[in-house]
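Participant: Pasting a structure here, questions to come.
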Amino acid sequence: MNLPPRAPSQVRIGIAIAVPEPFASVLQAARADLGDPLAHAIPPHVTVIGPTVVDHSVLPAVAEHLEKVASETAPFRIHLRGTGTFRPISPVVFVALAEGIAECEMLEASARSGILAQDLRFNYHPHVTVAHEVPDAELDRALTELAGFEGTFEVDRLWQYEHGDDGVWRPQHSFPLAGARPAP
């Protein structure tokens, strides 16, 4: 995983949608079974903004920004189904979104503005990583064994995670989605 370096006066954060139970435990166990060394360091999630370094002093402004984004974003549904991969560009296998892609893209564009504006290394593609930087045989196994995975859940909040000195990503703050749902 590419992590931006940070100074002692800085914190490494990530903005994500947490995958709830019972799906989180299933995906985390699968990731561990595949030998992914980050299985217990990264909770199952859909990334909105990847690892980002900010000064501790700007965390209140980050929270204010995310509160505004969340207040303007309506809750939505994510349907996880099947697998995909970023190979050969990146040794990653993921569970794909069958529903909620457009909402994730709009949420990402809103969140990646203002104080969190940044250029991306790759185009945004919402997904849930289940294998990263493991041998090709394990990536192939992830593609096959999780191809039938399916789960649906309501997204009602955005999370700010912090990367600890122990290498574990932990949820720090949630921002309830409070925007109006579009008319059917």
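Participant: Would you mind checking which residues have amide H under 5 Å from Ala178's amide H? H placed 1.01 Å from N; only 5 or more apart, or other chain.
Facilitator: Ser71, Glu72, Thr73
Participant: Moving on. To the nearest 20 debye, what is the magnitude of the charge dipole of the chain about its Cα centre, counting +1 on the Cβ of each Lys and Arg and -1 on the Cβ of each Asp and Glu?
Facilitator: The calculation lands at about 240 debye.
Participant: How charged is the neighbourhood of Arg77? Take every other residue with its Cβ under 9 Å from the Cβ of Arg77, and add Lys/Arg as +1 and Asp/Glu as -1.
Facilitator: -3
Participant: Right, next: Taking neighbour Cβ counts within 10 Å as the exposure measure, how do Val26, Val168, Val46 sort from fewest upward?
Facilitator: Ranking Val26, Val168, Val46 by Cβ neighbours within 10 Å, fewest first, gives Val168, Val26, Val46.
Participant: So what's the back-of-envelope 222 nm ellipticity for the chain, counting only DSSP H runs of four-plus at -39500 (n - 2.57) apiece and dividing by all residues, rounded to 500?
Facilitator: -7500 deg cm²/dmol
Participant: Mind giving me the nanometre distance, one decimal, between the label points for Val168 and Lys68, set 7 Å out from Cα along Cα→Cβ?
Facilitator: Calculated label separation equals 3.4 nm.
Participant: Report the local net charge at Arg31: Lys and Arg +1, Asp and Glu -1, summed over other residues whose C-beta lies under 13 Å from its C-beta.
Facilitator: -4
Participant: Turning to a different aspect of this structure: Just one of (i) 13.0; (ii) 10.4; (iii) 9.8 is mean projected area of the Cα convex hull in nm² calculated from these coordinates, so which is it?
Facilitator: (ii)
Participant: Relative contact order of the chain, please, whole-number percent, based on alpha carbon pairs below 8 angstrom and at least 6 residues apart.
Facilitator: 31
Rule-based calculations on the coordinates, nothing more; no lab input. From a predicted model like this one, the values you see are computed outputs, not experimental measurements. Please note: Cβ atoms are built from the backbone with ideal geometry, for glycine as well, and neighbour counts cover all protein chains shown.
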